[in-house]
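What follows is a short report on a single structure.
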Amino acid sequence: MIPKKSVPYFDTGWASVFGKYHAQKDCDPAMPQFSTKRRVRHSAADMFALVADVERYPEFVPFCRSLKLRKRGQDERGRDTIVCEMTVVYKIIHETFTTRVTLDKAEQQILVDYLSGPFNQLDNRWRFRDAGESACDVEFYLHYEFRSRALAMVMGAMFEMVFRRFADAFERRADQVYAGRKAET
């Protein structure tokens, strides 16, 4: 049996009480894993709705050039699903990938599964937990492996900056969308 390696944590600039970032430094650099937990001033239902509204991502998500909805449906458990194609652009990098997004409203989680694009693997999860009358904890998990080792090296060098901007964009968007009203419960 191979012992599990410890996973170091680094502050990403989010409020240190709520946000953590980690990368498995001892693992293959082509397979980074990131997670964070952050408390925001909006309900879990509001944040779920905001993240589930993928069609709006090009309006506020950094580096998201376009997002095309390919299909809406439901899975075998009756959860809403969306198949979408996102194009991400950063300097000379221009990549398009397709995912299936499962909206599990009952569990207040969003599951993103990779279908096609520049990755060997992509796994993304969002979870929303109420934390008081008008606040919630947002948990974000991302694990990916690029097909191209060269792309992995380029992206790895800038991912922390991209990740910070991406995460901050969702909180700013929630502040704009839900400003001046009491959070839904």
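The values are calculated or read from the model by the stated rules, or taken from the named source; none is laboratory data. The structure presented is a predicted model; accordingly, all values stated were derived computationally and were not measured. Note: ideal-geometry Cβ built from the backbone for every residue, glycine included; neighbour counts use all protein chains shown. Surface accessibility is based on the protein's heavy atoms, side chains included, excluding ligands, DNA and RNA. Shrake-Rupley method; radii C 1.70, N 1.55, O 1.52, S 1.80 Å.
Entry comment: accessible area of segment 45-86 is 55 Å² per residue, from protein heavy atoms only and a probe of 1.4 Å.
Note on Arg165 and Asp75: with the Förster distance fixed at 35 Å, the Cβ-Cβ geometry gives a FRET efficiency of about 0.65. Each of Asp137, Asp168 has its accessible area taken with a 1.4 Å probe; listed largest first, they run Asp168, Asp137. Of the cross-linked pairs Lys68/Lys105; Lys68/Lys91; Lys37/Lys68; Lys37/Lys91, which ones have a Cα-Cα span greater than 24 Å in the structure shown? The answer is Lys37/Lys68; Lys37/Lys91.
Estimated at the nearest 10 Å², the accessible area of Cys84 is 10 Å² with a 1.4 Å probe. Within segment 95-185, which GluC sites (Glu not before Pro) sit in a loop by DSSP and count at most 15 neighbouring Cβ atoms inside 10 Å? Listed in order of number, the matching sites are Glu107, Glu133, Glu184. Among Tyr178, Tyr141, the sequence by solvent-accessible area, most first, with a 1.4 Å probe is Tyr141, Tyr178. In terms of accessible area, using a 1.4 Å probe and ignoring ligands and nucleic acids, Phe170, Phe63 rank largest first as Phe63, Phe170.
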